Amino acid sequence: MIQMDHLTKRYQGGQSAIEQLCLEVKEHEIFGFLGPNGAGKTTTIRILTTLCLPTEGAAKVAGFDVVAHPHKVRSHIGYVAQESGVEYILTGHENLILHGHLYHMDRKTLHQRVAEVVQIFGLEQVIDRMVSQYSGGMRRKLDIAMALLHQPRLLFLDEPTLGLDPQSRL
């Protein structure tokens, strides 16, 4: 599902974020990066989600090269970044609909999935409010709901419990 072969990322000035990382994560496996700040965890996730290019090496996600076929990679993944990806000037419902359109979901499936994720994440009471009125935890729940909306084969979570109350972390 994920293959990295000597993946390296160096920034201008020569500072390395990742150095010769080789790793394979098979389908149905759960894998977590643990390490101190600055260890390259987020940079690795950003490369695997096609948001950043590697300096050297190669990576495949869902069988597709992240550099050669970024659109194909993105169609198979969901991503929850450290920082919220929601639009604050839209309602939660509008954010979900917009996200579904970005994944070219058909209207019937999209509305069905929106209803499902709203219920799963307990967003019924706030879904029609502007996201700017959400608490940090509610925005985080919406971020995760958006990442799962199109039923990706693979989910990338960067600091997924950041801002969630202890009960929601379970």
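The values are calculated or read from the model by the stated rules, or taken from the named source; none is laboratory data. Everything quoted here is computed from the prediction, not taken from an experiment. Heads up, the Cβs are rebuilt from the backbone with ideal geometry, glycines too, and the neighbour counts pull from every protein chain shown. Protein only, heavy atoms only, side chains kept; ligands, DNA and RNA dropped before computing areas. Shrake-Rupley method; radii C 1.70, N 1.55, O 1.52, S 1.80 Å.
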- request: Please report, as a whole percent, how much of the solvent-accessible surface of region 1-124 comes from carbon and sulfur atoms (probe radius 1.4 Å).
  value: 53
- request: With a point put 7 Å past each Cα toward its Cβ, work out how far A115 is from L90 in nm, to one decimal.
  value: 2.1
message: Probe of 1.4 angstrom, ligands and nucleic acids ignored: what's the accessible area per residue over the chain, in square angstrom?
response: 60
query: Could you list log10 I(q)/I(0) for the chain at q = 0.12, 0.14, 0.20 Å⁻¹, which the Debye formula gives when each Cα is one point scatterer?
result: -0.59, -0.79, -1.30
query: So, in Å, what gap is there between the alpha-carbon centers of region 13-48 and region 82-159?
result: 26
query: How about region 57-94: which GluC sites (Glu not before Pro) there lie in a loop by DSSP and see at most 16 other Cβ atoms within 10 Å?
result: E83, E87
- prompt: Kirkwood hydrodynamic radius of region 33-88 from all distinct Cα pairs, in Å?
  reply: 12.3
- request: Return the FRET efficiency for the residue pair F31, R129: r is the Cβ-Cβ distance, R0 is 35 Å, and the value is rounded to the nearest 0.05.
  value: 0.50
